[in-house]
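Comments concern the structure below.
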Amino acid sequence: MLKLYNTLSREKEEFKPIKKDEIGIYTCGPTVYWFGHAGNLRSYIFADILKRVLLYNEFKVKHIINVTDVGHLTSDSDTGDDKMEAAAAKEGKTAKEISHFYFDAFRKDFRKLNLIEPFKWTWATEHIKEQIEMIEILEKKNYTYKTDDGIYFDTSKFKDYGKLSNKKIEGLEAGKRIDLRDKKNKTDFALWKFSFPEDKRQQEWDSPWGKGFPGWHIECSAMATKYLGKQFDIHTGGEDNMPIHHENEIAQSECVWGVKPWVKTWMHGAFLNIKGGKKMSKSAGKIKTISQLEDEGIAPLMYRYFTYSAKYRKPLVWSSEAVESAVNSYKKLKNIISGIENTAGKNKMYLKEFEERINDDLDMPGALAVLWKLVRDEKASGKIGTIRKMDMVFGLDLLKEEEKEKVPKEIIEIANERQKARGGKDWARSDELRDLIKAKGWVVKDSKDGFELEKSNC
Ligand code: AMP
Ligand code: ZN
């Protein structure tokens, strides 16, 4: 039995799909105005584990991840710059160039982390029509009002508002005059924002309310429903998405489609924090991108392994000591596995224990402990087949041999020169060149066919 924690009920529930033949999952995707970092990617690793556990349990999965390329403002209260427009202005490029460049970079990281690609990446700017249609329905049903800067959703008209985060509709303070620019309630949010000539926006569209662009929340409601239906199984995101973005997605969708609940299970991943308790983010500084990690010798899958040191609902603190320890432990694990003899079959006892862990709300630290117990158990049979099966969920390439590092051309040339020196019995020159090769991080070994080059360990 698979149990998942549902933010909506605040309980671990037995997972029961809406339709037997296919499970719909929607994951709030990246805002592609800059590089993703290890923090963002922790949220996608969590979504990937969820998907892999469902696949392991032999469900069919249809997964959608959106790409936010318009409408995500720097402030959650519908003010501030559009992140895409600001990045385009700063880099002197078009918003499209920015979104495609950073999406490509994100997707490369995604693949390096062995994250299974979604059924579709859905781009907000390619679904403007669907977003406008939803706002029109909300308008017809009288959930909207107009201010000087846009069309807003009136949260006081949706009695379930706040059910996900357990918050109350925040109304106006008594006696405060309503300025037309203002919202009626603090929790109200923009569905459509008007463009003003002084904004000089690159991305704007005609709409029944004039030129403008959609608010951030409506894109997820429109695209999730288009691809997964008016009611679907699971919606994921980082914990910061929950109190505003997801609350607003629920309000719009349940009012438009008249379904309850729009999504059956809401799941949220906790943050990757930096020391001191702050989440890893561009604004807090100290972020790590996947390429920076690679430069430091931390392969993407080592980072993936590190994320299994905490359950997905618990914060994980980035520290160089903790990451280093995970890197060593991953290397050790692969090393032990490479020495295991391949005997036939699978080990039922260990698989059962493993399944109990993953099916208990994706307990990856627990699952990892089972794997370690298996590899250390000298008497266990069917180890390789069991590890292969477990790796369907871990996604750690546990049975893939490390590729030998390619020898750089320069090192080969020096080794050839050394070979010539040896042929001419110039031992002093030969030793000098051996030391040079060593200084460059390689070891030359003489063999009967000439020489071999290996990466040095020190
Ligand atoms: P963004 O690109 O800013 O819209 O964020 C994409 C996703 O990454 C969202 O689901 C965020 O909740 C998530 N996220 C951002 N920072 C972190 C972090 N430090 N740890 C975990 N998830 C994060
Ligand atoms: Zn979203």
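The values are calculated or read from the model by the stated rules, or taken from the named source; none is laboratory data. Fair warning: this is a prediction, and the values are worked out from it, not measured in the lab. FYI the Cβ positions are ideal-geometry reconstructions off the backbone, even for glycines, and counts take in every protein chain you see. Accessible surface is based on the protein model in full, side chains and every heavy atom, while ligands, DNA and RNA are left aside. Shrake-Rupley method; radii C 1.70, N 1.55, O 1.52, S 1.80 Å.
Here are a few things to note about the model shown:
- Residue count for the range 51-90, restricted to those that are under 27 Å from Glu355 (Cα atoms) and within 16 Å of ligand 2 (Cβ to nearest atom): 3
- Summed over the range 221-232, residues that are open to solvent by 20 Å² or more (accessible area, probe 1.4 Å) and either of a type in the set (S, T, N, Q) or within 16 Å of ligand 1 (Cβ to nearest atom) (or both) total 1.
- Single residue of the range 319-342 satisfying the filter (open to solvent by less than 30 Å² (accessible area, probe 1.4 Å) and in contact (Cβ under 8 Å) with a residue 60 or more places away in the chain) that is farthest from Asp377 (Cα to Cα): Tyr330
- Members of the range 200-224 found to be outside any loop (DSSP other than H, G, I, E, B) and free of Cβ contacts under 8 Å to residues at least 60 places away in the same chain, listed by number: His217
- The range 343-358, residues that are surrounded by fewer than 19 Cβ atoms within 10 Å (Cβ to Cβ) and on the phi < 0 side of the Ramachandran plot: Thr343, Ala344, Lys346, Lys348, Met349, Leu351, Lys352, Glu353, Glu356
- Filter pass, Glu296 being modelled with pLDDT under 95, among the acidic types (Asp, Glu) and more than 16 Å from ligand 2 (Cβ to nearest atom): yes
- Checked against the criterion of being open to solvent by less than 10 Å² (accessible area, probe 1.4 Å), within 16 Å of ligand 1 (Cβ to nearest atom), in contact with a helix residue (DSSP H, G or I) (Cβ under 7 Å, 6 or more places away or on another chain) and farther than 20 Å from Phe110 by Cβ, the range 58-67 contains not a single residue that satisfies it.
- Restricting Ala124, Ala95, Ala87 to those that are within 22 Å of the chain's Cα centre (by Cα) and over 23 Å from Tyr26 (Cβ atoms) reduces the list to Ala87.
- Qualifying positions in the range 17-45 - under 18 Å from Met242 (Cα atoms), of a type in the set (Phe, Trp, Tyr) and open to solvent by 10 Å² or more (accessible area, probe 1.4 Å): Tyr44
- Applying the criterion of being open to solvent by 30 Å² or more (accessible area, probe 1.4 Å) and in contact with a helix residue (DSSP H, G or I) (Cβ under 9 Å, 6 or more places away or on another chain) to the residues of the range 207-220, the residue that is farthest from ligand 1 (Cβ to nearest atom) is Pro208.
- Residue selected from the range 68-80 under the condition open to solvent by 20 Å² or more (accessible area, probe 1.4 Å) and more than 8 Å from ligand 1 (Cβ to nearest atom), by the criterion nearest to Met242 (Cα to Cα): Asp76
- Qualifying residue in the range 300-308 (condition: polar (S, T, N, Q) and over 18 Å from the mean Cα position of the chain (by Cα)): no
- Residues (open to solvent by 40 Å² or more (accessible area, probe 1.4 Å) and in contact with a strand residue (DSSP E or B) (Cβ under 6 Å, 6 or more places away or on another chain)) located in the range 275-318: Lys279, Pro315, Val317
- Single residue of the range 234-249 satisfying the filter (under 19 Å from the mean Cα position of the chain (by Cα) and over 20 Å from Lys279 (Cβ atoms)) that is farthest from ligand 1 (Cβ to nearest atom): Ile234
- Residue list for the range 88-102, restricted to those being of a type outside the set (Ser, Thr, Tyr) and either open to solvent by 10 Å² or more (accessible area, probe 1.4 Å) or outside any helix (DSSP H, G or I) (or both): Ala89, Lys90, Glu91, Gly92, Lys93, Lys96, Glu97, His100, Phe101
- Residue identified as over 34 Å from the mean Cα position of the chain (by Cα) and crowded, with 19+ Cβ neighbours inside 10 Å among Ala415, Ala439: Ala415
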